[in-house]
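Notes for the one structure printed next.
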Amino acid sequence: MRNRETDRPQPIEKTRLAAVASLLGAPSTFRKVPQTPLEAHEMLLNGLPSRALLHLVENLAFLRWDDSFAKAIGMSHRTYQRHASAGAKPLSPEQSGRTWKFAEVLAKATSIFGSMQEAEQWLERPAIGLNQHKPIDLLATPAGVELVEDFLVRLEHSVYA
C-alpha cells in the first residue's frame, strides 16, 4: 500500500491508522500519532500509554470487560484496574500489540456495520462464517485474529461463504 516513487503511505493506509489511533484516544493519548505502519510498530514496541487502553474501554458502547474481552486484550481485569489506578506505566509490547489489533478489528467492523455499537454487538454474536464462534472469542490468538479479519473482508465485499 505504498507509493514506491515517494515511499509515502497511501490515503487508505493513513485513514486506517487514524481510525485505530482515534479509538485509542489520539491525539491526546499519544506524543505522536503514527503516520505509517512502521511508526505504529515502533510505538507498540515501546508500549502504548495506559491511557490509550483506558480511553478505548471507557468509550465502548456495548462491550464490557469480561473473559472474552480480557483474552482479546491479553490482560486480566485486575491488571487493567492497576493500569487505571497507576496511569503512568505503559502497556507491555504484547499488551500494546493486542490492544492495537483489537482497535484495528473494531475500526474495520465499524466501517462495515456503520456504527461502533453495531460493530461491538457483532463481535459478541456467533457468526455463521466463523463456524458459530463469536468474533471476540477468536481474538485471543493470532490465528483467530486472522480468521476474523478475513471474515470482515468477505463481509465488506459481500462474500459470505
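Read the figures in this text as sums done on the coordinates, not as results from a lab. Just so we're clear, the structure is a prediction, and the values are computed from it rather than from any experiment. Counting neighbours? That spans all protein chains shown, and the Cβs are built from the backbone with ideal geometry, glycine included.
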#### Entry: Spacing of the two label points (7 Å from each Cα toward its C-beta) at SER22 and SER115, in nm
1.7 nm
### Task
Fewest Cβ neighbours within 10 Å first, please rank SER68, SER96, SER28 accordingly.
SER28, SER68, SER96
### Query
Once fully extended, how much extra length lies between HIS133 and GLN81, figured as 0.36 nm per residue of separation less the alpha-carbon to alpha-carbon distance?
15.9 nm
### Message
To make sure I understand the rule: partners must be lysines, Cα under 17 Å from the Cα of LYS108, and not fewer than 8 residues away in the same chain. Which ones qualify?
### Response
LYS14, LYS134
### Estimated [θ] at 222 nm from DSSP helical runs (n ≥ 4, -39500 (n - 2.57)) normalised by residues in the chain, nearest 500
-18500 deg cm²/dmol
### Query
For the chain, what is the relative contact order in percent, using Cα pairs closer than 8 Å and at least 6 residues apart in sequence?
21 percent
### Query
In nanometres, what is the gap between the two model label sites at ASP66 and GLU124, each 7 Å from Cα along Cα-to-Cβ?
0.7 nm
#### Entry: Shape call, segment 70-154: gyration tensor on alpha carbons, a/c limit 1.5
prolate
### Summary
Given unit charges at Cβ for Lys, Arg (+) and Asp, Glu (-), the dipole magnitude of the chain about its Cα centre in debye, nearest 20, is 440 debye
### Query
Considering the dipole of the chain built from charges on the beta carbon (Lys and Arg +1, Asp and Glu -1) around the Cα centre, which of ALA70, GLN95, ASN46 is farthest to its positive end?
ASN46
### Message
Just to be sure I understand the model, the point goes 7 Å from the Cα along the line to the Cβ. What's the resulting GLU13 to LEU38 distance in nm?
### Response
0.9 nm
### Summary
Ordered by number, the trypsin sites (Lys or Arg not before Pro) in segment 42-149 that occupy a DSSP loop and have at most 13 other Cβ atoms within 10 Å are ARG64
